[in-house]
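Here is the structure we will look at.
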Amino acid sequence: MTKIPPGLLPEGLSDRLPPEAEAAAQLVRHVLDTVSSHGYQRVMPPLAEFEQNLVSRLQSARAQDLLRVVDPLSQRMMALRPDMTAQVGRIAATRLANAARPLRLCYGGPVIKLRANQLRPEREMMQVGAELIGTDSVAAAVEIVTVAIEALQVAGLSGITVDFTLPDLIDTLAAQEFPLTADEIPAVRAALDAKDAGALVGLGSGPATYLPLIEATGPFHAAMDKLDALDAVGALKSRTEALRAIAKPISWDITLTLDPTERHGFEYQTWFGFSLFAEGFVGEVGRGGTYMITHPDGQEEPAIGFSLYPDPLIDAGFAREESMRLFLPLGHDASKAAELRREGWRTVAALSASDNGAALGCTHVLQGQRPVPLKG
């Protein structure tokens, strides 16, 4: 067997070194502190669960899509979590089933995927988010979107865009204004998701009536006007009114867009979904929406939440804070050093006469009772 080099890691996995590791911890802390300030309480589910239970809640993943291992104790198959939202749903439906609703929970931790994609080659990533369980009302949606935006702003992002979608749009229209057969609905969804007008026309006269939805995409207010014009009999009135109510309190410096037929990643959302983008980053930095949690007795409970994936932000240097590192020479005043740590200094104590403060990344040295900048 070929010997694996000691520094080699599996594809898609990597070490985070200083200062990125500290930045990652700070960014997660900033987001969770922001969410917690709105009343969300933190939960910490385990990294692995029994495969059967995890798959039953991961509606968008199959067992073969998970990184699995046999538990040597129970001899049952376990799986590493690819997403924390499903675990929070399990906690809400079991251990916190009797907690008062609406139930506000937040979380943060690593998730791992079996395979990566070209846009994001990492298989392990950080996920931070919040779930509001027990309601999927407009008021709940307003709160979740507002908190998600605030969390990104606290993390230091600007040029934020929120892209709204209506995951159940095709089902709603197919049942009323623009009838489709059960066989036509998946094909129409796929064509609209791809914005493929030719494919839509090729499906027949019924599916072709959905062509205007491709144009009802873009800046929020203009797209909403096009959606209203399409909805002659008012089948979408409750949806459009809800979208406008969600958008109304959002600050003017946030860009709002609408892609009413976007389905990728929203297959199991119910009536509302949204994606979060930020200037300078390719792809989403987060997403959220409404969904259903299934209880052990089969009863379903509405919920809404969002998840942020901060690794691209960390790679770009967000949350890196210049720390004041103070070198403490041999024989320093320990009480003064403790006082300075309480003031925010990070101290590095010399363990031998040969220790060099500058080489150890210190910016200052303690001389007597005061920090003095180290010369470069």
Once phi for every residue in region 2-8 is put through the Karplus expression 6.51 cos²θ - 1.76 cosθ + 1.60 (θ = phi - 60°), the whole-Hz ³J(HN,Hα) values, with Gly and Pro written as x, are 5, 6, 7, x, x, x, 7
With only alpha-carbon atoms in the gyration tensor, what are the semi-axes of the equivalent ellipsoid for the chain, in Å, largest first? 46, 25, 21
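In deg cm²/dmol, rounded to 500, what helix-only [θ] at 222 nm does the chain give when every DSSP H run of at least 4 residues adds -39500 (n - 2.57) and the total is split over its residues?
Helix contribution divided over all residues of the chain: -8500 deg cm²/dmol.
Summing Lys, Arg as +1 and Asp, Glu as -1, what charge do residues with Cβ under 13 Å from the Cβ of Ala235 carry, Ala235 excluded?
Surrounding charge for Ala235 is -4.
Would you mind working out the magnitude of the charge dipole of the chain relative to its Cα centre, with +1 at each Lys and Arg C-beta and -1 at each Asp and Glu C-beta, to the nearest 20 Debye?
The calculation lands at about 1340 debye.
Consider all pairwise Cα distances in region 325-373 and report the whole-number % of them above 17 Å.
21
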Can you tell me how much longer the chain between Leu360 and Asp15 gets when fully stretched, taken as 0.36 nm per residue apart minus their C-alpha distance, in nm with one decimal? 122.1 nm
Report the antiparallel proportion of the DSSP beta bridges in the chain as a percent, rounded to a multiple of 5. 80
If you place +1 on the Cβ of every Lys and Arg and -1 on the Cβ of every Asp and Glu, how big does the dipole about the Cα centre of region 325-373 come out, in debye to the nearest 20? 140
Three semi-axes of the equivalent ellipsoid, region 236-340, Cα gyration tensor, whole Å, largest first: 45, 20, 14
Between region 228-284 and region 1-72, what's the alpha-carbon centroid distance in Å? 29
Residues whose built amide H sits under 5 Å from the amide H of Arg320, excluding neighbours closer than 5 in sequence, are none
Only residues of region 27-50 count here: report those whose backbone N is under 18 Å from the spot 7 Å along Cα→Cβ of Thr146, or say none. 33-41
Of the DSSP beta bridges with both residues in region 1-124, give the percent that are antiparallel, rounding to the nearest 5. 80
For the chain, built as a Gaussian network whose Cα springs stay under 10 Å, the top-fluctuating residue of Ala338, Ala247, Ala92: Ala338
What order do you get for 299-307, 285-293, 184-192 when each peptide is scored by the mean count of other beta carbon atoms within 10 Å, highest first? 285-293, 299-307, 184-192
Using the charge dipole of the chain (Lys, Arg: +1 at Cβ; Asp, Glu: -1 at Cβ; taken about the Cα centre), state which of Leu58, Ile170, Ala222 has its Cα farthest towards the positive end. Leu58
Just tell me which lysines come within less than 24 Å, Cα to Cα, of Lys375; anything on the same chain fewer than 8 places away is out. Lys336
Comparing Ser56, Ser158, Ser354, which has the greatest mean-square fluctuation in the GNM of the chain with Cα pairs linked when under 10 Å apart? Ser354
Quickly rank 166-174, 63-71 as a protection proxy: mean count of other C-beta atoms within 10 Å, highest first. 166-174, 63-71
Projected convex hull area of region 168-262, Cα atoms, direction-averaged, in nm², equals 5.9
So how far apart, in nm, are the two label points at Asp297 and Ser335 if each is 7 Å from Cα heading toward Cβ? 6.4
In a shell of Cβ-Cβ distance under 9 Å around Ile160, excluding Ile160 itself, what net charge do Lys and Arg (+1) and Asp and Glu (-1) give? -2
Who wins for biggest fluctuation among Phe178, Phe327, Phe272 in a Gaussian network model of the chain, springs between alpha carbons below 10 Å? Phe327
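Any read-out appearing in this document is the output of simple, stated calculations on the displayed coordinates, not a laboratory observation. Here the structure is a predicted model, which is why all the values come from computation and not from measurement. With ideal geometry, Cβ positions are generated from the backbone for all residues, glycine too; neighbour counts draw on all protein chains shown.
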